[in-house]
Structures are given as structure tokens and as C-alpha cells.
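Engineer: Once you've had a glance at the structure underneath, I'll fire off some questions.
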Amino acid sequence: MSAFDIVFAVVLGLGTIWAMIWFPDIPRGTEGHHEALTARFEKSAAAPPEAIDQHPTYGDAAVAYVDRIIDRQLTKVRGILAFDGLILTFLGLISRGAAMLDIADHHEVPVLSLMALLAASSAICLFQFRARWGYVADLQTFSREIAATLALARRRSFWIERTVRLSILALAGIVVLLIAALAGN
């Protein structure tokens, strides 16, 4: 194993840790989001959030809106899976023994590390497709259903952000690996 491979693996490992623990822009809770959303579908913004439970039309509209948030998240996850698949395929092609660049023979650890990173990102994405019924108590009122769905959206946002970072990190690693291979490292 060359010095480049060791440095690459260490930097990739530190980048992965950073990508998994640094989380700006993801709220700690969803209370403010819940209040803003329910006020949006009620007659007056001065009404308490529980008022949405007395108006089925407003409640249905609000629940449909938060369900669309989940649908949009799943669409993002599909895109990340497709991207990871393309990048993993590209990495596999350039790592083959018959490829013009002989990357796999000289940099086996970085190639395997990048493949593992992409596999981890894809596994997290697949985990987002789990069917979720929720708790019966969450379906008793519109407010509870909205709160439960917003909490689910928050959790998924947390994981989607992680997968995006891992995919970008893997793409950057491939670029560095290609540059090193072309430079003869």
C-alpha cells in the first residue's frame, strides 16, 4: 500500500465522519412548522393549532400537503440511488484490469473505500423506502397525523442529507483518484 493510499483512506474516513455528524439546517423539532402549516389551512391565523381538527376540509388539505413532503423526499432518494448507481458503475469500469487506467492494481484500498462509501449511501437510501404505517393514536386527529408526518419528514431529511454528503464525498474521491492515476501516483 502506497503513502497516497494511506493518506487517501484517512482523509476519506475523516470526511465520512464529518459528513455523518455535521448537520446545519435541520430543525431540532417540528413545533413551529406544525403551527405555521395548520395556520395556513385555517380560516384565521389567530386560531389555535387544534382548530384544524374541527375542520375536515382544512385538515385533509394540511395532511395531503405534509404527505407531499414525504413524496418529494422519496423522489430525492430515488435520484440519489440512481446517481450512486451511475458513480459506482463508473468506478467499477475504471477499476477493471482491462481499463486504460490501471487504478485497481495500484490503488485497491481507495477503490474499495469509495465503493463502500457508495454502498453505504445506497443502503441508507433504500432504508428510506421502508413502509411506515405509524401509530393508531397518530391517526385519531389531523393535528396528530400532521405532527407525526412532520417528525417523519424531519428524520428522513436527516438521513437524506447524510446520503447526499456521502455521494458528493465519493464523487470528489473518484476525481482525486483519477487525477492521482493520471499523474502516476
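Engineer: Just to confirm a number: summing +1 for Lys and Arg and -1 for Asp and Glu over residues other than R144 whose beta-carbon lies under 9 angstrom from that of R144, what do you get?
Structural biologist: Values: positive: none; negative: D53, D138, E145.
Surrounding charge for R144 is -3.
Engineer: Next up: Pull out the extension gain between A61 and A131, defined as 0.36 nm times the separation in residues minus the alpha carbon to alpha carbon distance; nm, one decimal. Could you put the intermediate results ahead of the total?
Structural biologist: Working: separation 70, 0.36 × 70 = 25.20 nm, distance 2.24 nm.
Full-extension gain reported as 23.0 nm.
Engineer: Which ³J(HN,Hα) values in Hz, rounded to whole numbers, follow from the phi angles of region 2-8 under the Karplus curve 6.51 cos²θ - 1.76 cosθ + 1.60, where θ = phi - 60° and Gly and Pro get x?
Structural biologist: For region 2-8, the Karplus-derived couplings read 7, 4, 4, 4, 5, 4, 4 Hz, x marking Gly and Pro.
Engineer: Counting every Cα pair in region 68-178, what percent are over 22 Å apart?
Structural biologist: The calculated P(r) of region 68-178 puts 44 percent of pairs beyond 22 Å.
Here, each number is a calculation from the coordinates, and none is a lab measurement. Keep in mind it's a predicted model, so treat the numbers as computed, not measured. Because the Cβ atoms are built from the backbone with ideal geometry, glycine has one as well, and the counts that use them run over all protein chains shown.
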